[in-house]
Amino acid sequence: MEIHQLRHMLAAAEHSSYAQAAKRCFTSRQNIAHSVKALENELGIVLFERRGNEMVLTPAGRQLVGEAGEIVAKVDGLHVAFANPDAPDEVLNLAVSTNLFAGIPPSTDEFIAQHADRLRIAEMSCEDCYQSVCSGRSDVAVVMCMGRRFPDCNVLEVGESASFALMCSSSPLGRKAGLSAADLKDQKLLLMSEPAFQYEPLFAQLDAVGFDRANVSVIPSTSSMIHVVKRRGGTGIVSDKFSAAPPAGFCAVPFSDPRLNWRFYVLFHKNSGSFSSIAKFAQGIQGTF
């Protein structure tokens with residue numbers, strides 16, 4: 001079993017297509033199919049079944065995705081941990097997700113500020129950060145999202161914190177000690193980016209209880225979110241950092257399910273010519289959480 005085979009299988013699971021997985025992994029469809037077949041032969045299981053134009057995971061395939069994701073993440077972490085610590089610093093193109101600075105600890109914010117002279121920082125959606133690293137437009141990205149896989153690049157998870165629902169203090173939900181996805185079924189949700197990527201675990205649960213995705217609005221900033229909640233009602237999703245001191249007239253209630261926690265990831269490619277500098281940066285970010 002080779003690590004690239006696990007990466008190919010994860011990409012195929014992410015995209016439900018060998019062809020799309022091949023594009024993301026910069027390889028051929030035949031190589032994706034070969035990796036999947038090699039894993040099936042070695043483990044004695046069937047990973048995918050075809051349904052129309054899609055490749056759908058079998059129950060055994062879903063189990064392997066969970067295990068493989070952890071293995072790949074640990075391998076990526078080892079590459080970062082044992083990169084050359086004495087390599088000279090290079091200027092890096094850094095992508096950060098739009099809500100990152102509202103959620104990271106002050107020490108992480110300070111670390112990025114201290115290294116601003118060797119960073120070209122671009123703020124974009126969480127999904128665009130991922131695609132920017134995959135395409136090589138960015139050397140590294142730091143993103144904040146609910147737990148998910150990034151099968152087409154290397155990833156280091158550096159931190160985790162609770163996620164909160166923000167609402168007016170008069171909302172009945174504000175009297176709860178903790179919320180589930182089912183509590184949001186009839187709410188108008190205000191999010192910082194499109195739901196399919198950054199909030200994947202939440203919307204998997206919302207879809208299961210019949211939530212209408214037409215009740216989602218994408219809000220560009222927390223200040224805009226506060227204004228909309230105050231004027232029109234609804235519920236926003238915010239960070240632990242923001243929830244510590246909500247504005248007057250608002251309250252923030254945590255989600256009870258740890259699968260809905262915020263996760264902080266550093267995304268990169270270990271085969272980049274700037275990997276030593278990327279690894280030093282990733283080590284620094286990890287040390288601030």
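The values are calculated or read from the model by the stated rules, or taken from the named source; none is laboratory data. Because the structure is predicted, anything quoted here is derived from the model rather than measured. Using ideal geometry, Cβ is built from the backbone for each residue, glycine included, and neighbour counts are taken over all protein chains shown. Just the protein is used for accessible areas: all its heavy atoms, side chains included, with ligands, DNA and RNA removed. Shrake-Rupley method; radii C 1.70, N 1.55, O 1.52, S 1.80 Å.
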Could you tell me whether segment 108-117 includes any residue that is more than 28 Å from ILE237 (Cα to Cα), open to solvent by less than 40 Å² (accessible area, probe 1.4 Å) and either among the polar types (S, T, N, Q) or in a helix (DSSP H, G or I) (or both)? no
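Let's see how each residue does on (1) within 16 Å of the chain's Cα centre (by Cα); (2) under 27 Å from LYS74 (Cβ atoms); (3) without any contact (Cβ under 8 Å) to a residue 24 or more places away in the chain:
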{"position": "THR108", "(1), (2), (3)": "no, yes, no"}
{"position": "ALA116", "(1), (2), (3)": "no, no, yes"}
{"position": "GLU123", "(1), (2), (3)": "yes, no, no"}
{"position": "ALA162", "(1), (2), (3)": "yes, yes, no"}
Could you tell me which numbered condition GLY284 fails, if it satisfies all but one of (1) open to solvent by less than 20 Å² (accessible area, probe 1.4 Å); (2) in contact with a strand residue (DSSP E or B) (Cβ under 9 Å, 6 or more places away or on another chain)? (2)
Can you confirm whether segment 133-146 contains a residue that is touching a Lys or Arg at 6+ places or on another chain (Cβ under 9 Å), touching a residue at least 12 places away in the same chain (Cβ under 8 Å) and surrounded by fewer than 20 Cβ atoms within 10 Å (Cβ to Cβ)? no
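Which ranges mark the strands (runs of 3 or more DSSP E) fully within segment 212-265 that have 2 or more residues being under 14 Å from SER171 (Cα atoms) and out of contact with any His (no Cβ under 9 Å at 6 or more places or on another chain)? Working first, answer last.
Numbers: elements: 216-218, 235-239, 250-254.
Passing ranges, in order: 235-239, 250-254.
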What is the number of the single condition among (1) modelled with pLDDT under 90; (2) surrounded by fewer than 14 Cβ atoms within 10 Å (Cβ to Cβ); (3) within 26 Å of the chain's Cα centre (by Cα) that MET55 does not meet? (2)
Condition test on ASN31, is it over 25 Å from the mean Cα position of the chain (by Cα), among the polar types (S, T, N, Q) and within 16 Å of GLU2 (Cβ to Cβ)? yes
Report, by residue number, each residue of segment 171-184 that is free of Cβ contacts under 8 Å to residues at least 60 places away in the same chain and loosely packed, with under 15 Cβ neighbours inside 10 Å. PRO172, ARG175, ALA182
Out of the residues in segment 164-197 that are more than 16 Å from PHE242 (Cβ to Cβ) and among the small types (Gly, Ala, Ser), state the one that is farthest from the chain's Cα centre (by Cα). SER170
Pick from segment 266-281 the residues that are in a helix (DSSP H, G or I) and open to solvent by less than 10 Å² (accessible area, probe 1.4 Å): which of them is nearest to VAL72 (Cα to Cα)? ALA279
Does ASN99 satisfy being open to solvent by 30 Å² or more (accessible area, probe 1.4 Å), among the polar types (S, T, N, Q) and either touching a Ser or Thr at 6+ places or on another chain (Cβ under 8 Å) or closer than 22 Å to PHE275 by Cβ (or both)? no
Could you list, in sequence order, the residues of segment 9-22 that are buried (at least 16 other Cβ atoms within 10 Å of the Cβ) and more than 13 Å from GLY61 (Cα to Cα)? HIS15, SER17, TYR18, GLN20, ALA21, ALA22
Go through GLU90, GLU127, GLU160 for me and flag whichever is in contact with a Lys or Arg (Cβ under 6 Å, 6 or more places away or on another chain) and either part of a strand (DSSP E or B) or open to solvent by 10 Å² or more (accessible area, probe 1.4 Å) (or both). GLU160
Enumerate the pairs (first residue in segment 74-90 and under 19 Å from VAL158 (Cα atoms); second residue anywhere and hydroxyl-bearing (Ser, Thr, Tyr) and open to solvent by 20 Å² or more (accessible area, probe 1.4 Å)) with beta-carbon separation below 9 Å, excluding pairs fewer than 6 apart on the same chain, so at least 6 apart or on different chains. ALA83/SER276; PRO85/SER276
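A quick yes/no check of all residues on (1) basic (Lys, Arg); (2) free of Cβ contacts under 8 Å to residues at least 60 places away in the same chain:
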{"position": "ASP186", "(1), (2)": "no, yes"}
{"position": "PRO195", "(1), (2)": "no, yes"}
{"position": "ASN215", "(1), (2)": "no, yes"}
{"position": "GLY233", "(1), (2)": "no, no"}
{"position": "ALA248", "(1), (2)": "no, yes"}
{"position": "ARG259", "(1), (2)": "yes, no"}
{"position": "LEU267", "(1), (2)": "no, no"}
{"position": "SER277", "(1), (2)": "no, no"}
